[in-house]
1. Compute the long axis of helix A:181-196 from its Cα atoms, compare it with the longest principal axis of the Cα atoms of chain A, and write down the angle in degrees, 0 to 90, nearest 10.
2. Compare the Cα positions of A:Leu33, A:Gln130, A:Leu504 along the charge dipole of chain A (+1 at Cβ of Lys, Arg; -1 at Cβ of Asp, Glu; about the Cα centre) and return the one farthest towards the positive end.
3. Cβ neighbours within 10 Å, averaged per peptide: list B:250-257, B:198-205, B:143-150 in order, most packed at the top.
4. Choose one of B:Ser237, B:Leu136, B:Ala122: the residue whose Cα lies farthest towards the positive end of the charge dipole of segment B:62-319 (beta-carbon charges +1 Lys, Arg; -1 Asp, Glu; about the Cα centre).
5. In debye to the nearest 20, how big a dipole does segment A:334-470 give about its Cα centre with +1 on each Lys and Arg Cβ and -1 on each Asp and Glu Cβ?
6. Which of the chymotrypsin sites (Phe, Trp or Tyr not before Pro) found in segment B:44-140 are loop residues per DSSP with 14 or fewer other Cβ atoms within 10 Å of their Cβ?
7. Hey, fewest Cβ within 10 Å first, where do A:Asp339, A:Asp216, A:Asp442 land in order?
8. Give the average, rounded to an integer, of partner chain Cβ atoms located within 10 angstrom of each Cβ in A:356-363.
Amino acid sequence: MSKEFVDLNTPVIEMRDIVKKFGDFVANDGINLTVHKGEIHAILGENGAGKSTLMNQLYGLLKPTSGQILVNGKAIEMSNPRDAINAGIGMVHQHFMLIQPFTVTENIVLGTEPRKGITLDMAEARKNVQEISERYGLSIDPDAKIEDISVGMQQRVEILKALYRGADILILDEPTSSLTPQEIEDLIGIMRNLTRDGKSIILITHKLKEIKESADFCTIIRQGKYIATVDVEQVDENELASMMVGRNVSFKVNKPDQTPGDVVLDVKDLHCKDYRDVEVVKGLNLQVRRGEIVGIAGIDGNGQTELVEVITGLRKGTSGQVLVNGVDVFNKPPRFGFDHGVSSIPADRQKHGLVLDFTIEDNLILQNYGEEPYSRHAIFNRPAIFSHATESIENFDIRPRNSEKRTAGTLSGGNQQKVIIAREVQNDKDLLIAVNPTRGLDVGAIEYVHEYIVEQRNKGKAVLLVSFELDEIMSLSDVIGVIFDGQIVSSIPGKEANENDLGLMMAGGKKNG
Amino acid sequence: MDKKKSFLVILSETRFLHILLSIILGFVVGAFFLVIMGLSVGDAYGRLLSSVTSVKGFSYVVVYAIPYIVTGLSVAFSFKTGVFNIGAEGQFVMGSMAAAVVGILLGDLPKFVLIPLCFLAAMAVGALWGIIVALLKTKRGINEVLSMIMFNWIAFYLSNFIAGIPAIHSDGTAEATKNISANASTLLSKDFISQYKLCPTANWGILVAIVLTVVVWLIIDKTTLGYRLKAVGFNKSAAEYGGINVNRSILTALAISGALAGLGGALQLMGMGSRISVFSSQEGFGFAGIVVALMGCSNPFGVLAAGLFYGALIYGGSKLNLVGAPTQLVNVIVGTVVLFIAISVIFERIKYIQPRGRRKAAAVQEGKEESK
């Protein structure tokens, strides 16, 4: 960014030659990091690169094996987060640590409540909270309960919590992972407000676009090693990506033009209610044809989750039709849909996609355990299952190798996703549904997942992609359907889409097509 | 990831070493109490050992162990499939009574018809007892542990009621059922028993227990049925997503578990008892099954060994008064063993709630292994 607020003469954080070992394993191997006053400094690295280890040392959760940490020019030793807070460092974790039934104010002052005698002075607390929230443009209702406010608002509460405790240096751990595009924009605005006021921000992320949009400098870590610190203005996303993974990464999805074939999925006038018994899908119509990817763009909570649940048989709808190759799978059990051509990569891979306590080989046969060659007359044929696993691990690059008998829970997120993809792709069904298939994955794994999804389309499968990542929707989809308030409000060719129009339509701004 | 493991799953996987350590600690605590009572530890434990190592003693151990092995298998099976069959007690009682009714009313049938019939009746009734609870759970969402505990009492009073029906009740003065027909007995022949100097109740029920052990192992490890049930036990949502009918699986799991416990009741009756007394309190074979399943790590062969061990403790314990030690010492030992197994489970859990930093470290370590 413009670095307008950066004071290069005033370093607030200096981490010098930080080494952190766990037994023989070196998680951080000589990392240097300098953050100045008024600076937004991104830390970029793949999952497991050592970003969090580094930040945990800065926040007093871990002690460096060797190396020095200087805050405001003074070397300090921190043995717990309280030391870090006292030194003016605040951290907003990826998973918020808020008490749901408490109000915003109660959460912010928790642990440092103003008192009046032996009672809480809530009026004073409320005033303080309002004061800081106005000062930094973090508008928020101090009396709202956490459980009633959006994820973006909850994040504001976390930031306010840190500011309330006097933080001058904020560590934000993957702050955008659960935000909508609009909320992300707001967050970037907030970050700029904070730096204008002389605060410094360390942003942990693996999203390149956000780094380009918000950060002044970026430090790249790969496999525990310090790679470089770059001026964000002088590099492009491709350069950042290749520094992060150590090879060239292509963002362009190779997708040849092809004419879509017959309709595979035909959803007609679908209605369904969510868990609160409120109608969230309201007469939705949708078609997906052979050889095309239809992307569903929309803000979370507009019925996309329920739509997929109804198609896959996990949720009962109120009325409508869900035809798969002409067979109505509406309100049939998941098995029925599977037998008639539905395969899916679920949104929650640990809850729905895998039995984490099962071995990989067992997870790979979750739907077809009852079929030959895996079993005959209900008796397993273990050698066949094993060799199927070996083949899948090889073909889908599941790491580590020789992990057939390891439980799925021991794999990294990206490799867990590969197990699911291996299974669903090999099921060879006509319809593939993918919900947020790259959530939480790093660039290398994302590239891989995208390749497989496009390959399915190229092979003539119908693909329904539901994702909160607009970039993903735009780069993969042949047709983009915008879902708003339980209906597909517009349907546009993927090539013609741009982020602004989509964003507007997702917010119910206009209808066309 | 691992933190998502249910308590039941961890229970069923507690390691062998922990079990062994718990057993040793159980004896250490037992010794502590012996010392407090001023008794010789050597004498008491020596007596315990010597009373189970003779041929006759060991035959007693085997006979005692039969119901424990089978109810242990029942509970272990339920652990593996994600339900907690605390109702094995009631299923055992009902199975036993079903076998008694068949063995009394159809006593004229030849042995090779009557015995399988008794077994089948016991399994059917035991399964039914499990199925009712499973239906309450799947159709009405009633917690199975609560309803099973209540069904244990229903079984208890129902058994007493049936024992009082004139056609079943003893002709004599005993507060018990009639004796079952000799054709329904699994006792070994008198000649065989005296030839090998076995205990008078030596019966071939142990063979059934061993067969059941193998069958349970096969179901859990080698069949698609076991796969389905385990998938539901480990992760209901993924099983459902994968097209497995979750409710039917719970039903099947509790039916099989119940059938096993019911058969345990039949084996006990047909080998040891020959009649059922009117209960004044729960006999606890089903509850003992929980202990045995825990000690056996919920592994069928582990359960077989644990059942024999438990049988040895119970039989050996009954001889303790010969050296002046109270029989209840065995309960102290067993209680302590279970306590320590439970504690070891907690230690397993603590691994998942270690400080954030260390957990991260472990995750990083894992990431490194994967990238090799």
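Rule-based calculations on the coordinates, nothing more; no lab input. These figures come from a predicted structure and were not determined experimentally. Glycine gets a Cβ as well: all are built from the backbone with ideal geometry, and neighbour counts include every protein chain shown.
1. Here the helix axis deviates by roughly 10 degrees.
2. Looking along the dipole axis, the top candidate is A:Leu33.
3. Details: B:250-257: 24.9, B:198-205: 19.4, B:143-150: 17.2.
Packing order, densest peptide first, comes out as B:250-257, B:198-205, B:143-150.
4. B:Ser237
5. Charge dipole of segment A:334-470: 200 debye, to the nearest 20.
6. none
7. Working: A:Asp339 15, A:Asp216 25, A:Asp442 21.
In order of increasing Cβ crowding within 10 Å: A:Asp339, A:Asp442, A:Asp216.
8. For this peptide, the per-residue mean of nearby foreign Cβ atoms is 4.
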